[in-house]
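What follows is a single structure, written as structure tokens, with notes after it.
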Amino acid sequence: MLTTLTEENYLKAIYHISQSNGTDVSTNAIAKQIDAKASSVTDMLKKLADKNLITYIKYKGVNLTEKGRQAAVYIIRKHRLWEVFLVDKLNFSWDEVHDVAEQLEHIKSQKLISELDAFLDFPTHDPHGDPIPDENGQIQRTNKIMLSQAQIGKSYTCVGVIDSSSEFLKYLDKRQIGIGTQIQVEAVEEFDHSMSLKINTKIMVMSKAITNNIYVKSI
């Protein structure tokens, strides 16, 4: 049974929320994620439950069924492959691709996505460092931590971001921070937990709001 564009957006939102909190996804959390009224969300959840894409218990929350999880992961796979294509082949910057990929992710052709994957030489991560599910829906996990959790004196590599908004990515671009950038923690301010970081031979001070949105792994 084919899903509509709106249904796909709901499945993707439920998947992302569940990955963050690991519990039943509330109606309010979904409404906030997709900027919709709670009443509209409830109506859509009933439709998704009728299609066996979610389990929905009133006042408790929502979980994806295996069928729903597969559908959500496939949408995410398409989104991230299109982001790679836009950056690697069409010279988009990493802060420009999200909205375009949001449109392209709803293309139904499985052959197109398989050929796109092969054309890009089977990438494992998108331009923001997020893992790309393979054709079987398997996701390669990376041992990573938030930069705010990094230890003084240790060196790390930037492997991803949490906030993929255009504003945040432009902020990082101005500071020449991207996937693969090496970062060394020089000091942490006890008062506000801001960090003094050595990046590209320069010392920069970043707030916890910033370091909470950058993923790194130790070198």
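The values are calculated or read from the model by the stated rules, or taken from the named source; none is laboratory data. What you see is a predicted model, and the numbers here were worked out from it, not measured in a lab. No Cβ is skipped: glycine too gets one built from the backbone with ideal geometry, and neighbour counts run over all protein chains shown. In case anyone asks, the SASA skips ligands and DNA or RNA and just uses the protein heavy atoms, side chains included. Shrake-Rupley method; radii C 1.70, N 1.55, O 1.52, S 1.80 Å.
Being within 25 Å of residue 210 (Cα to Cα), open to solvent by less than 90 Å² (accessible area, probe 1.4 Å) and basic (Lys, Arg) is a description that applies to residue 80. Residue count for segment 48-65 satisfying the condition of being within 15 Å of residue 18 (Cα to Cα) and aliphatic (A, V, I, L, M): 4.
Taking residues in segment 165-179 that are in contact (Cβ under 8 Å) with a residue 12 or more places away in the chain, and partners anywhere that are of a type in the set (S, T, N, Q) and assigned to a loop (DSSP other than H, G, I, E, B), the pairs with Cβ atoms closer than 7 Å and at least 6 places apart or on different chains are 168/213; 176/200. In segment 1-42, of all residues being closer than 16 Å to residue 59 by Cβ and open to solvent by 60 Å² or more (accessible area, probe 1.4 Å), the one that is modelled with the highest pLDDT corresponds to 28.
Residue 148 passes every criterion in (1) in contact (Cβ under 8 Å) with a residue 12 or more places away in the chain; (2) in contact with a strand residue (DSSP E or B) (Cβ under 7 Å, 6 or more places away or on another chain); (3) surrounded by 14 or more Cβ atoms within 10 Å (Cβ to Cβ) apart from (2). Sub-7 Å Cβ pairs linking a first residue in segment 197-218 that is within 17 Å of residue 176 (Cβ to Cβ) to a second residue that is surrounded by fewer than 20 Cβ atoms within 10 Å (Cβ to Cβ) and among the basic types (Lys, Arg), at least 6 apart or interchain, are 199/175; 204/175; 216/144, ordered by first then second residue.
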